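Take a look at the structure below.
The values are calculated or read from the model by the stated rules, or taken from the named source; none is laboratory data. What you see is a predicted model, and the numbers here were worked out from it, not measured in a lab. Cβ: placed from backbone, ideal geometry, glycine included. Neighbour counts: every protein chain shown. Areas reflect the complete protein model, heavy atoms only, side chains present, ligands, DNA and RNA absent. Shrake-Rupley method; radii C 1.70, N 1.55, O 1.52, S 1.80 Å.
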Amino acid sequence: YGRTGALNLAQMGRALAKGPADGLVVVSYALVAGGLLVKAAAVPFHFWTADAYAVAPTPVGLLLGGAFSELGLFGLARVQWTVFHDVLAPHEAELRAILVGLGVLTAIVGAVMCAAQHHLKRMLAFATISHVGLFLVGIGLLDAGGLAGAAIWIVGDGLVKAALFATVGLLNDRFATVEEAQLHGCGRELRWVGVLFCVGALAVASLPPF
């Protein structure tokens, strides 16, 4: 606001496009992007996510897994393309390397931690973190194709992840636990829930026909 005299995204973008990309612009981008990456649960800003998902009621879990983290990435894309794209254009290669590198790191850490979980909600939380990393790679390419691909993928993934949280919520409501060991053998009376979870898991894994 101090540099542009505005808080409207398009107006700020037009004002910043006149340059220069000095320290104030870089720091403001870093702070805004950092806050949005906390919202998106990108590594290393992901530490709140698993604990929050683990204790969240099912309706809140649907929103967390299906929309909230993705909204952080949506905000990052809006700020990047509308406000900072022109003024940071001379440094696009460096910015692309940072965002793509952060996305790859997030995807790997999320996948490894997902595989290590025995609590189903925490497992879905780290799966969400891993996919956030993949989405961040698409956005971090800083081109229209990457952004469009990430946008389509985010919508589909959000819907599927919400369905997975719903199935886990059914298990939690019926058996008062989502720990794998405690659920062993309990699902025989909820076969359709198991089928839905398997379909959702295959969709998250992007296997055909998903």
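Here the stretch 1-154 was treated as a single set of alpha-carbon atoms; its pair distances binned every 10 Å from 0 give 11, 39, 30, 15, 4, 0 percent. Mean Kyte-Doolittle of at least 0.0 plus a Cα span of 27 Å or more along the axis: flag which DSSP H helices in the chain meet both, please. Span-like helices, by this rule, are 92-115, 120-140, 144-175. The order of the peptides 175-182, 125-132, 71-78, 14-21 by mean Cβ neighbours within 10 Å, most packed first, is 125-132, 71-78, 14-21, 175-182.
Charges were assigned to the Cβ only: +1 to each Lys and Arg, -1 to each Asp and Glu. The resulting dipole of the chain about its Cα centre is roughly 240 debye.
Once the Cβ-Cβ distance of residue 86 and residue 210 is raised to the sixth power relative to R0 = 25 Å, the FRET efficiency obtained is 0.10. Residue 157 sits with roughly 10 Å² accessible to a 1.4 Å probe, with DNA, RNA and ligands left out of the calculation.
Whole number in Å², please: accessible area per residue of the stretch 12-62, 1.4 Å probe, ligands, DNA and RNA not counted. Spell out each step's value before the answer.
Details: 2610 Å² over 51 residues.
Result: 51 Å² of accessible area for each residue.
With each label modelled as a point 7 angstrom along the Cα→C-beta vector, the residue 94-residue 108 pair spans 2.3 nm.
Surface composition of the stretch 1-128: carbon and sulfur make up 73 percent of the accessible area, probe 1.4 Å. Over the stretch 115-183, accessible surface divided per residue gives 41 Å², non-protein components excluded, 1.4 Å probe. Take 134-144, 184-194, 24-34 and order them by the average number of nearby Cβ atoms within 10 Å per residue, most first; the result is 134-144, 24-34, 184-194.
In plain terms, the chain from residue 26 to residue 190 could stretch by 53.7 nm, reckoned as 0.36 nm per residue minus the Cα-Cα distance. Residue 54 sits among other residues whose Cβ lies under 10 Å from its own Cβ, and their net charge, with Lys and Arg +1 and Asp and Glu -1, is +1.
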